[in-house]
1. How big, on average over all directions, is the shadow cast by the Cα convex hull of the range B:571-647, in nm²?
2. Using only helices, what value at 222 nm comes out for chain B when you add -39,500 (n - 2.57) per DSSP H run of length 4 or more and divide by the total residues, to the nearest 500 deg cm²/dmol?
3. Local charge sum around B:Leu528 (other residues, Cβ-Cβ under 12 Å, Lys/Arg +1, Asp/Glu -1)?
4. Rounded, prolate or oblate for the range B:205-494? Axes are the square roots of the Cα gyration tensor eigenvalues, ordered a ≥ b ≥ c, and the cut-off for rounded is a/c under 1.5.
5. Counting pairs of alpha carbon atoms under 8 Å apart in space and at least six apart in sequence, what relative contact order in percent does the range B:205-494 give?
6. Quick query: amide H of B:Ala265 versus all other amide H atoms, modeled in the peptide plane; which residues come in under 5 Å with a sequence gap of 5 or more or a different chain?
7. If you add up the charges near B:Thr591, with Lys and Arg at +1 and Asp and Glu at -1, over every other residue whose beta carbon is less than 14 angstrom from its beta carbon, what do you get?
8. Skipping prolines and chain starts, which residues have an amide H placed within reach, meaning under 5 Å, of the one on A:Thr291, given they are 5 or more residues away or on another chain?
Amino acid sequence: MLSKIWPFTFWKISYWQQWFRVAKSANNVAILNPRQIYIVPTRWGLLYATMLIGLLIGSINYSLSLGYYVTFLLASLGNIAMLHTWRNLLHLQIAVSNASPVFAGDTATIVLKISETKNRPRYVVAAYFNRQAEVINDIKANDVQLFDIPLTTIKRGLHSLPRLTIYTEFPLSLLHAWAVVDNPFQLLVYPKPAESIYQNNLSADADVQGSSQLTKGDDDFNGHKNYQVGDSPSRVDWKASSRGIGMYTKLYSGAGIHTLWLDWLDTTGDIETRISQLTRWIIDAHATQQTYGLRLPDTELAPNNTEAHYHQALTTLALLS
Amino acid sequence: MNRLLTPQHLKWLLVSLAVVLGTHIPNLPLWVIMASISFGTWRYLLDRYQWAMPKIWALLPITLIICVGIIVTFKGFFGRDASLSLLVVMCSLKLLETKTLRDYMLVIVLAYFLVGNLFLFNQTIATFGLSIAPLILLTATLINISFKDAGKQRDIQFTLKLAAQLLLQAVPVMLILFVLFPRIPGPLWGLPQDANSGMTGLGDSLQFGNISNLTKNSAIAFRVQFKNAVPERNQLYWRGPVLWHQEDRSWTMSSSKIGLQPEIAKVSGNPIQYTMTLEPHNRLWMLMLDLPTLIPQDARLTHDYSVVANKPVRTRLRYDAISFSSYQLGLSLGERERLLSLQINEGENPKTVQLAESWQGLSAVDKINTALKRYREQPFVYTLKPPRLDDNPVDDFLFNTKRGFCEHYATSFVYLMRAAGVPARIVTGYQGGEYNPNGNYYIVRQSDAHAWAEVWLAERGWVRVDPTAAVSPERIENGISDALDETDELPLMARPDYPWLKKAYLNWDSVNNGWNQWVLGYDDKKQLDFLKKLSGKNLNLMHMLIGMVSIIAVIMGLTTYFLVKQQKAKLNPAQRIYAQYLKQLKRAGLTPNNGETVLHFAARAADALPHQQTLIMDIAQRYNIITYSASPKPLLLEKLAQLIKQFHVNKQQ
């Protein structure tokens, strides 16, 4: 990559980013003050400036007083646009409202709360973690606007948010004003679940380990799930399948009868693979509303089937070191 | 980044381009206008009916045809008119492949440039006014494009208002730049040939029809402001080129004049001091009152006392000058000059020569008087529409048609004099002028162009003789409008009818004069003068730059302050009357704490003012209802206003 070689590194804004003043959040709120807002001309701004130089040369060459007038008026317009663009970000208050945990590899949505307190509507304010996924909104005067900003996750764990960039080019698109915001919010990323195929290993037969079978009791019909290789043929809803709508496995609940233990020791591979497998089992168990417990080398979660339990189990896996 | 734009964006762009095109209509050939309109319409239809954009190979031949068209129309690509046409038609052709932000921006920036080009053609107040609408529209188009999504775009009113606001806020810095940005005297390089076309003025030769054509032009030749006494109207002879050489029908400045000794002038009486503002005419003449003594810099005096600039007058010139109306010029006549001023082509105009020869024996003065008497007594007519003259034009005019304009009288008179052996020459220039009381100056138009004669008399030198005055004294005393009958076509402004129109015109002209002096004439010299007057010191470039930057910094600081200053939120009617009520309570020392609700505060106030407890609680409740109801409640509001009016805090309480 050219941009890795000096002096081409300087072309990238990301190189300069490290030197920029960053708006730090206090109590989750960052206020964009004048010193944190940067402004440069956009490429249209540069085009405009080139046009102005042309006009100026023409005015000098032809001694056109009114040529000077247009040149100076437009130059001054650029200058005024600069103040307006800068003002469009000034004193905005940025807070992270919330962000639900996601599985690694999925895209998290960070809900940003941007408040306007200066009795002045702000137009076309964009925010992004990643330039390709920016969110643009207007903010009404003395109002709060939510920005749902996508963030791609890679690894499980508790991650600080990357630096958020807020920018605007309003009103003339000739100037680009931006500020970089740091927020201490930590995003929880659950482990990436393994492909469903791993389920085969353990649900192949109920009696291998007894404890790790994913099916529930036999008592009450409880619903359907998509058929997966290895499900007992007796559980397949053949009526449904004969109607040509796909293979479904009938679920029966028998709470408390078969408690499922998802055990570290039942998994194979390296740590991340094992965690992935456990994650998959938790998801599936939760989806089929089974009661399950989680057994890890040095922790154990008592069996349960609540929503809170599900998240606790995933969180435990996410934070496992 | 190369996002596509919406139909709304396109509409803005097309409308503002149409307006830019509209302002340029007089400067473009018809086919360029038609082509631009059709490209714009085509682009609109493409969008309207979702047709496919034309492919590049379809546009190439069109581009080629346009280039050929430009070359044929203008005989080349270069020059002001050709480049403008090329720019306009290419800008509108660009529309046909305009879909992304990049294309839009390119077209808008080009269009801004085209607005600037407007002033290459003229710089009148009207053109200045004409430039405002396209600037607002283009700025509004930029604003509209900044709203990226169609759904979030604002209405026309919002966009136009914001554009106008931005431009208005840009005015202070523009003014400072205009005044303080160091003016560099142009041109930086050679101007194209056509840069100065369309300027009119005196030519360097005189043929029948030259001046009468000029007379139909009401354009202003120059303006004059006299510092003290104004000479009589019949003394207002503005001296231009002096013509010596006769050949067929035309009189020219003789090239053999070069090397002649300057004529010696003796002046007497009071000097006439005045300031000239000469309109550009693309020639060298700098018109001055007969007889010029003090001439401006960058000009020289020819041996026969016309003032000639060092380079063609292509910008409006303003200069101070001094002339004397009583003078003696060229008391001694050299041999070469005598020959030159007696030259006539032999074998032409036999009747005239014969007539002149019949005067042999008369003194020079008598010859002049005899000739003038002839003009006076025979039925000569002063008219803008003289009949065509035959191969001996002077004969034909003097003995046959007897209808002519000043050029006919001047040339025939000088011819007659030369034939009679009196040295004579033609002086061209302007005569008269129109007084504008609003600005206390004189306006001299192209329609005041004139030609007269100078004859040389021993002891007296060159003496001005105006044969036109013999035929039509009104021309000299009152101006051209009085001298002509109604069938002659005079420009509107030179006609005597519509006095109110004339008055309005004079008002307007004084505005124009100020505009010319202060806006258009603001060049490097004027800038230094003005700044010197303003600061009392001679300023150099460094001072100007430092001053400019610091004033702009101050203006920007102020602008920023006003832009950032928090605007007060507008109160709704309920809040407004409630605020009055709070003012009353304040007299009792009661103000709501931060975050205190209306009802909590009311409870506290009621405790403090037990007499009015019910009233206070009533007000609070009603105010709350109004504030939190979705629909307006005019009746409740009225009641609240009544209650609040009842409420008074006495000092004792």
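1. Taking a quarter of the hull surface, the average projection is 4.8 nm².
2. Numbers: 23 runs with 304 residues, N = 653.
Calculated at 222 nm, the ellipticity per residue is -15000 deg cm²/dmol.
3. Here the count lands on +3.
4. Taking the square roots of the gyration eigenvalues as a ≥ b ≥ c, the range B:205-494 is oblate.
5. In percent, rounded to a whole number, it is 25.
6. B:Gly330
7. Numbers: positive: B:Lys583, B:Lys586, B:Arg587, B:Arg604; negative: B:Glu596.
Overall, the nearby charge balance is +3.
8. Answer set, sorted by chain and number: A:Gly256, A:Leu260.
Rule-based calculations on the coordinates, nothing more; no lab input. In this text, all values refer to a predicted model and were calculated from it rather than measured experimentally. So basically every Cβ, Gly included, is an ideal-geometry build from the backbone, and we count neighbours across all protein chains shown.
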